[in-house]
Every structure is written in C-alpha cells, then in structure tokens.
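Report on the following structure.
The values are calculated or read from the model by the stated rules, or taken from the named source; none is laboratory data. As the structure is a prediction and not an experimental result, all values here were calculated from the model. Note that each Cβ is placed from the backbone with ideal geometry, even for glycine, and that neighbours are counted across all protein chains shown. Remember, those area values only see protein heavy atoms, side chains included, never the ligands or the DNA or RNA. Shrake-Rupley method; radii C 1.70, N 1.55, O 1.52, S 1.80 Å.
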Amino acid sequence: MTDFKQMYAQKLTTADELAERVQDNWVIAMDTGGSQTPDIISAIAKRAYAGAIKGVTAHTLLDAYPFEYFADKELYGKLTGVSWFSSGGARKAINGGWADFIPSYYRDIPGHVRRCYDYDVACFNVSPMDKHGYFSLGGSNSFSEAILDKSKRIFLEVNEHQPRTVNGLQIHISQVDGLIEVSRYLPVITPPPIDEVSSTIGNLIAERIPDGACIQLGIGAVPDATGIALKSKHDLGIHTEMFTDSMVELIECGAVNNSKKQIHKGISVTTFAYGSQRIYDFIDDNPSIAFMPVNYVNDPNVICQNDNVISINAALEVDFWGQVCSESIGTKHLSGSGGQIDFVRGAIQSKGGKSFIAFPSTAKGGTISKIKSELTPGAVVTTSKNDVDYIVTEYGVAQLRGRSLAERTKQLIAIAHPDFRDQLTFDAKKRGILI
Ligand code: COA
C-alpha cells in the first residue's frame, strides 16, 4: 500500500521555496474566500517586489485577504490580479486600473476557464490529509474542478482550521506538486447589523414565502434579515450559491429540513460557504450539506427542478423598466454579477417560484433614491427588464414580471421613499410613461 505520509513529507516545503518555482508570465488560479492561499501569494509577491519575476497574473474570485496584487499598484505588470467577482480591495484596484475584471454569470465561469485559460499553478487552502491521502477543499467548490482540469501544478496550504467537508471536492496527495503547513482561522465576514429598514423588508418578503419553499439568499443585510424573518416557517429547503450565517440559524432552529425538495432531498446544496466561524464549525464533517460546482448549482435548469424556489438578492439601483443594477455606481465598478441572474432565472422558472430584488429605498443617508427614472449613466444592468420579478423596499412590494412599463413605473414610484415620489412622477410624465 502506498505510504501517503511519506509522499506528504516529500512534498512538504516552505512558501518561499514554492514561490521560487514561479516563473515569468505564469498564471495562478484560486477559488473563493476560505480556499485562498495568502502565505503562498505573499511569498510570490516578495519575489515580484524584488524584481525576480514579472508578468505573473493571479485569477481569483471573492477575495478574502488583502492580497498584494490588489493592495499595491506598484505590483502591476509584475504580479497582477484579475477578478471574476470583485469585493474589498479588488474594487479599488479595478477602478484604479492596476487590476482587471472578467464579466460572467457565475455559472459560466467553469466553462470560461476550460475554454479560455491554461493555468500554471492552482493554489488551495485545504484541510489536513486523511488516512486515504485526501485533502478537503472545505467550504469552497465553485470552479475548483475547472481550475484543476486546466492547471499544470497544484500548490497547497494545509490548514488545521480548514473544515473537512464530506460532500465536497477532495484533492489527493498524488496530484500535489508542493505543500506548506499553515495554522490560520478562515476569513470571517461579520454579518451586517440588521436595522429597522432591513428588518421591515425581510418581513415583507417572508410574508410571501410559503412553508416548504426552497431558498437562495444573496449577500448583504437585506437577505440576512429575510433569513431571520423565516425562522417561523416550516420544511424549508436550501439550494443556494453562498451558504450564509442566517442559513445555519434556519437549520438549527428547525425551519429548514430540506424535506420538500424535488432534488437533493434532505440535503442543503451550495457552492461555497462564507461568513462567521459558526459556519465553518457547522460544515465540518457534516453530511447534510453538499458543496457542488457552480456550473451545476447555479444552472437555472437545475435550480427550477425544485418547486417554490425563492431567490432574494440586493441591488444598487433600479429604473422604471425594472432594469436592476447591482454591479456599479455609474461607471464606478463595485461588484460582479455573481449568481444574481442565475437564481432570478431559476426561481421564475420554478413551479411556484419567485425572485425578490430587495434594498432600502434610499442610499447615502437618504439623499439618493435607489429607484430612478433612468439608471445612472454608465451603470451595468445585472438583471434585465425581461427577467425581473419582485422589487421590494421598506415601503412595499412591486410585482413587475408581465407588467407594462406604465404599471411598473406606478408600482415602483409607490415603493420609492416618499421624499422622491413627486420628482419620480414628474420624470415619468416628462418621459411620456404616465400622463
Ligand atoms: N447610488 C449611490 N451609491 C449607492 C447606491 C446608489 N443607488 N446604492 C448603494 N450605494 C452605495 C452605498 O452607500 C455603499 O457605499 P459605502 O460603501 O460608501 O457605504 C455602497 O454603495 C454599497 O452599497 P450597499 O447597499 O452597502 O451594498 P452591499 O454591500 O450590501 O452590496 C450589492 C450590494 C448589490 C453590491 C451586492 O448585493 C452584490 O455584490 N451583488 C452582486 C450580485 C449578486 O446579487 N450576487 C448574489 C449572489 S450571492
């Protein structure tokens, strides 16, 4: 029998030694948040700063650490970040021009990787090796399979704090080119405080969600508040892109049992987990949750196989057509599309399904209405007028799907902040939408 421990010992090295192997123009790939490898990247950045390598690129998604290629403009051209979904430091770097961005539906990223890219090295933070020689990728499996298919090498950070997920992706020691050992708690995002507005919106949505529904919650205070408002429901199911703190809450209080799902009955399905330490403790060794590739989880044709799919996502602004912008403020880039459209489409195709785009009626301390006559020039449309279903603010719910432009406009003005309704009505009349 192969001695996996011996193979492990042979591949065990230091971050600096792994960085020494990196050559000019290599392309590095990482998957989401907790599976990213800051020690290895910092060692590579050190070589780039020293002028030992140039033209190296890191492809990444939802960065959990303050990676040097986003934080420091000086690295541009030596070690450059390219994001599939920006957050945190990536936003500043993309807007500043020293990092790049690849637009995509989340579900399509594995296909783009397989079609367009060849990676020199894939880097993953993994759980300690089991007795069969396998490392678990923990709470991340969104496009890792595609990365593995297209990478010449694999470098690992083996982390005692990385949970071992049983229904997720595993890497075998025989596939690995080099590994280091680290001891680091996974990155946490503290759930945003749930204020009165988010709570009101959450309750408005929860009233429209039946027992037995299958839910997806996006990022932010409103999806979280909705999660909390669902605690009184029964027999809910989870089929979601991101597994969040509020979902752990719903499972632990008994509101979710996945018993009414048509596919993956009894199991919560997701593609990555990101939140507090509570999530990482929950997913460790837990057979009731499955981490599956995003091209499967986010495929609308898969999502809609469950009945009563309810998708809840946030947005930055919405115009009278119901065009939803969730990615930019004018030309200023803020985020990728993520899985918003994947789940909007999956939900509206599901029997009894509904998609909610929800947000407070105003931004910037009440000075800006998020419901607008036209999107800010340069804004990116995330969900189109033809897919949009329900829009929710603290003032109510607009149901746009199948409705005319005038009906949409009237409904949206009715849920805008009262301070902006006269101006919006004036704009609608000026445009000839209302008379
Ligand atoms: N005009 C100007 N500024 C606005 C604005 C508007 N209409 N709406 C929001 N803002 C500002 C906020 O004030 C805030 O500014 P600050 O950072 O200076 O405080 C910033 O934009 C972010 O707004 P916020 O409401 O805090 O957004 P969020 O962090 O909750 O994220 C999205 C909202 C839409 C960016 C987020 O949901 C997202 O990334 N969506 C991507 C796609 C998606 O839905 N994926 C879901 C699948 S998991």
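Numbers below:
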{"read-out": "Residues located in segment 23-61, provided they are in a loop (DSSP other than H, G, I, E, B) and open to solvent by 10 Å² or more (accessible area, probe 1.4 Å)", "value": "Gln23, Asp24, Asn25, Trp26, Ala50, Gly51, Ala52, Lys54, Gly55"}
{"read-out": "From the options Ser83, Ser127, residue that is of a type in the set (S, T, N, Q) and under 19 Å from Trp26 (Cβ atoms)", "value": "Ser83"}
{"read-out": "Sole exception among (1) acidic (Asp, Glu); (2) within 19 Å of Ala213 (Cα to Cα); (3) surrounded by fewer than 24 Cβ atoms within 10 Å (Cβ to Cβ) for Glu394, by number", "value": "(2)"}
{"read-out": "Members of segment 352-389 that are open to solvent by 50 Å² or more (accessible area, probe 1.4 Å), among the hydrophobic types (A, V, I, L, M, F, W, C) and either in a loop (DSSP other than H, G, I, E, B) or touching a residue at least 24 places away in the same chain (Cβ under 8 Å) (or both)", "value": "Val380, Val381"}
{"read-out": "Every residue from segment 183-198 that is away from the ligand (no atom under 15 Å from the Cβ) and not basic (Lys, Arg)", "value": "Ser183, Tyr185, Leu186, Pro187, Val188, Glu196"}
{"read-out": "Tally of residues being within 16 Å of the ligand (Cβ to nearest atom), touching a Gly at 6+ places or on another chain (Cβ under 9 Å) and not hydroxyl-bearing (Ser, Thr, Tyr) across segment 105-142", "value": "3"}
{"read-out": "Selection within segment 222-234 - of a type outside the set (Val, Ile, Thr) and open to solvent by 50 Å² or more (accessible area, probe 1.4 Å)", "value": "Lys231, Ser232, His234"}
{"read-out": "Filtered residue count, segment 295-314, keeping only those that are out of contact with any Pro (no Cβ under 8 Å at 6 or more places or on another chain), aliphatic (A, V, I, L, M) and crowded, with 23+ Cβ neighbours inside 10 Å", "value": "4"}
{"read-out": "Single match in Gln340, Gln399, Gln349, Gln423 (criterion: among the polar types (S, T, N, Q), open to solvent by 20 Å² or more (accessible area, probe 1.4 Å) and under 22 Å from Ile201 (Cα atoms))", "value": "Gln399"}
{"read-out": "Single residue of segment 302-343 satisfying the filter (more than 6 Å from the ligand (Cβ to nearest atom) and part of a helix (DSSP H, G or I)) that is nearest to Thr367 (Cα to Cα)", "value": "Ile341"}
